[in-house]
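Q: Input: one structure, supplied below.
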Ligand code: ADP
């Protein structure tokens, strides 16, 4: 289901990006084409203006020549009726200027002299001749010169003071020759007459054709791109298939100039740019898809990782709970082990007062029989003391064996040390250990658990006794000091010192083997290596610290515990 959805969302993404890529390519191509057309139009106008100027300038030369020749002295003379022909003058001028013909006529248009022989004046020149006959400069063009040749003509009047127009000088410009200079040039240029017929062009296939009218000889399809017209046409191999038409009216020479600017380069450029933009967009799309895929992949990996972390956390929590349980079991096991060690000494300790009680009781009986009530009373008092002592030992033992799980609270440190000494008294006495302990005058209250703290102390005292087993001097020194919110209990012995102080708090680290005494029985059990590691955990749980180190005389242990805060009102 998810895969299906993933696959379809992936397909949708591909489709969207594909569409965007196409749109980008089309938009870039189109705008590039429109921009290109605009620039092309401007360039085309400039090219056309240049071509029109060139033609105008060329024609202008002939116009000026006609006016100049009209005031030539020989021509003026001939105009006044001199019989000497001016043909040689006209011929020289025609040769030098490559004119089609130059001729002198009467004001009515009868030919007097001509550079090249001509029978009739072309019909199209008649209006210009008539105009010149009235004293103005006549100009015009036609395709009926001689053998239907194209010619542009200027007819200048020969005007003499007080005589008026005495003759006309006409110059026929050879359009074929003018065209020859720029035939085949780019762009395709043409000049139209007032009938929209191509009169001059640098593309010979256009000559004589009618353009720009519904009934034109050359058909074209008009297209508009962003307000710019361009034509699709098929007018021959040398005329562009799609062209931008530009025009310019040339009233001075009576023609309208037009140019066909090839649109193909703009289209090719637009296609290239569209292609380039398309490739870029496609690359971008691929990049987007790659990023999306990568994100998706990372999200999957992340989810997997989270699941693994969750599983691992669960495992750790379970392991932690198991560890806590094992620790609690170990605490209990350690206590039972200490209890085992104590039981031997305790039975001896309890046995002694029991025997003494028996003895005192018998004696008391005897004293009572003898009527010595005072002596009997003394014995009963001693029996009572012994019973009290036995009760105390048993009470401590019971408390010690109980599994204490209450939170830390205010405990009397000195009472706990007394309890621990009580519990180990028989052992210490049996081994001949002297205890050097002077409790401070005032009670010291610390944060802890009564039974657990007693367990720590019993462990330290028992370890000291174990260490001093074979030493000639057996002295256990206990000191309690308080400073800056901390109570420090120091337990020192005169044993051989700690073998490896760095490892003593490791669980199951023990250097104690079972040691047989002289009588062959075992004097103490092999160590479990748990006493100090359990003590370490307990002291830490009270917010304190336990340390073990060697001193000159043997080993020393310090237990630091936070003092129970004294309420401000009691200060
Ligand atoms: P156990 O008493 O069962 O060996 P403990 O954790 O109480 O376990 O003690 C670990 C070890 O620390 C002992 O085996 C001993 O090597 C060393 N140790 C503890 N107390 C003393 C001491 N007072 N003097 C020398 N070594 C000691």
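The values are calculated or read from the model by the stated rules, or taken from the named source; none is laboratory data. For clarity, every value in this text was computed on a predicted model and none was experimentally measured. Virtual Cβ from ideal backbone geometry, glycine too; neighbours counted across all protein chains shown.
Q: Within segment 477-489, is even one residue out of contact with any helix residue (DSSP H, G or I) (no Cβ under 6 Å at 6 or more places or on another chain) and part of a helix (DSSP H, G or I)?
A: So far as segment 477-489 goes, no, none of its residues is out of contact with any helix residue (DSSP H, G or I) (no Cβ under 6 Å at 6 or more places or on another chain) and part of a helix (DSSP H, G or I).
Q: Take segment 74-86 and flag every residue that is in a helix (DSSP H, G or I) and surrounded by 19 or more Cβ atoms within 10 Å (Cβ to Cβ).
A: Of all residues in segment 74-86, those in a helix (DSSP H, G or I) come to 74-79.
Passing the criteria: 75, 78, 79.
Q: Which numbered condition trips up residue 81, out of (1) under 41 Å from the mean Cα position of the chain (by Cα); (2) more than 27 Å from residue 230 (Cα to Cα)?
A: (1)
Q: Could you say whether any residue in segment 78-99 is closer than 16 Å to residue 164 by Cα and in contact with a helix residue (DSSP H, G or I) (Cβ under 6 Å, 6 or more places away or on another chain)?
A: Filtering segment 78-99 for residues closer than 16 Å to residue 164 by Cα gives 78-81.
Then keep just the ones that are in contact with a helix residue (DSSP H, G or I) (Cβ under 6 Å, 6 or more places away or on another chain); that gives none.
No: zero hits.
Q: If residue 38 passes every condition in (1) surrounded by fewer than 17 Cβ atoms within 10 Å (Cβ to Cβ); (2) farther than 18 Å from residue 258 by Cα; (3) modelled with pLDDT under 90 but one, which one does it miss?
A: (2)
Q: Does any residue of segment 105-114 turn out to be in contact with a strand residue (DSSP E or B) (Cβ under 9 Å, 6 or more places away or on another chain) and within 22 Å of residue 177 (Cα to Cα)?
A: Within segment 105-114, one or more residues are in contact with a strand residue (DSSP E or B) (Cβ under 9 Å, 6 or more places away or on another chain) and within 22 Å of residue 177 (Cα to Cα).
Yes or no, residue by residue, for (1) in contact with a strand residue (DSSP E or B) (Cβ under 8 Å, 6 or more places away or on another chain); (2) closer than 30 Å to residue 29 by Cα; (3) without any contact (Cβ under 8 Å) to a residue 12 or more places away in the chain:
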position: 206; (1), (2), (3): yes, no, no
position: 226; (1), (2), (3): no, yes, no
position: 232; (1), (2), (3): yes, yes, no
position: 245; (1), (2), (3): yes, yes, no
position: 254; (1), (2), (3): yes, no, no
position: 259; (1), (2), (3): yes, yes, no
position: 272; (1), (2), (3): no, yes, yes
position: 279; (1), (2), (3): no, yes, yes
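Q: Next up: Return only the number of the condition from (1) surrounded by 14 or more Cβ atoms within 10 Å (Cβ to Cβ); (2) under 30 Å from residue 248 (Cβ atoms); (3) touching a residue at least 12 places away in the same chain (Cβ under 8 Å) that residue 31 does not satisfy.
A: (3)
Q: Would you mind telling me which numbered condition in (1) more than 10 Å from the ligand (Cβ to nearest atom); (2) under 60 Å from the mean Cα position of the chain (by Cα); (3) part of a loop (DSSP other than H, G, I, E, B) residue 472 fails?
A: (2)
Q: Looking at residue 460, is it within 12 Å of the ligand (Cβ to nearest atom), under 15 Å from residue 416 (Cα atoms) and crowded, with 21+ Cβ neighbours inside 10 Å?
A: The answer is yes for residue 460.
Q: Residue pairs, Cβ under 7 Å, 6 or more apart or interchain, first in segment 456-468 and on the phi < 0 side of the Ramachandran plot, second more than 7 Å from the ligand (Cβ to nearest atom) and assigned to a loop (DSSP other than H, G, I, E, B). List them.
A: 465/433; 468/433; 468/474; 468/494
Q: May I ask you to list the residues in segment 426-449 that are in contact with a helix residue (DSSP H, G or I) (Cβ under 7 Å, 6 or more places away or on another chain), part of a helix (DSSP H, G or I) and surrounded by fewer than 20 Cβ atoms within 10 Å (Cβ to Cβ)?
A: 430, 431
Q: Out of everything in segment 390-412 that is part of a helix (DSSP H, G or I) and at pLDDT 75 or above, what residue ends up being farthest from residue 347 (Cα to Cα)?
A: In this case the residue turns out to be 391.
Q: Within segment 499-515, count every residue that is within 9 Å of the ligand (Cβ to nearest atom) and either over 60 Å from the mean Cα position of the chain (by Cα) or not in a loop (DSSP other than H, G, I, E, B) (or both).
A: Start the filter on segment 499-515 by keeping residues that are within 9 Å of the ligand (Cβ to nearest atom), which leaves 499-501, 503-512.
Retained after the next criterion (residues that are either over 60 Å from the mean Cα position of the chain (by Cα) or not in a loop (DSSP other than H, G, I, E, B) (or both)): 511-512.
So the answer is 2.
Q: Name the pairs: first residue in segment 549-566 and over 22 Å from residue 471 (Cα atoms), second residue modelled with pLDDT under 95 and within 16 Å of the ligand (Cβ to nearest atom), Cβ to Cβ under 7 Å, at least 6 apart or on different chains?
A: 559/456; 559/539
Q: Does residue 479 count as touching a residue at least 12 places away in the same chain (Cβ under 8 Å), within 11 Å of the ligand (Cβ to nearest atom), in contact with a strand residue (DSSP E or B) (Cβ under 9 Å, 6 or more places away or on another chain) and within 20 Å of residue 550 (Cβ to Cβ)? If you could, list the steps in order and put the result at the bottom.
A: Values: touching a residue at least 12 places away in the same chain (Cβ under 8 Å): yes; within 11 Å of the ligand (Cβ to nearest atom): no; in contact with a strand residue (DSSP E or B) (Cβ under 9 Å, 6 or more places away or on another chain): yes; within 20 Å of residue 550 (Cβ to Cβ): yes.
So residue 479 fails the test.
Q: Can you name every residue in segment 59-73 that is crowded, with 17+ Cβ neighbours inside 10 Å and part of a helix (DSSP H, G or I)? Lay out the reasoning, then the answer.
A: Taking segment 59-73 first, the residues crowded, with 17+ Cβ neighbours inside 10 Å are 59, 62-63, 65-66, 69-70, 72.
Within segment 59-73, 59, 62, 63, 65, 66, 69, 70 qualify.
Q: Would you mind listing the strands (runs of 3 or more DSSP E) fully within segment 520-570 where at least 3 residues are within 16 Å of the ligand (Cβ to nearest atom) and either at pLDDT below 95 or under 19 Å from residue 330 (Cβ atoms) (or both)?
A: Details: elements: 522-524, 545-550, 555-562.
Qualifying strands (runs of 3 or more DSSP E): 522-524.
Q: Considering (1) surrounded by 12 or more Cβ atoms within 10 Å (Cβ to Cβ); (2) touching a helix residue (DSSP H, G or I) at 6+ places or on another chain (Cβ under 7 Å); (3) more than 28 Å from residue 150 (Cα to Cα); (4) modelled with pLDDT under 90, say which one residue 236 fails and leave the rest.
A: Of everything listed in (1) surrounded by 12 or more Cβ atoms within 10 Å (Cβ to Cβ); (2) touching a helix residue (DSSP H, G or I) at 6+ places or on another chain (Cβ under 7 Å); (3) more than 28 Å from residue 150 (Cα to Cα); (4) modelled with pLDDT under 90, residue 236 misses just condition (3).
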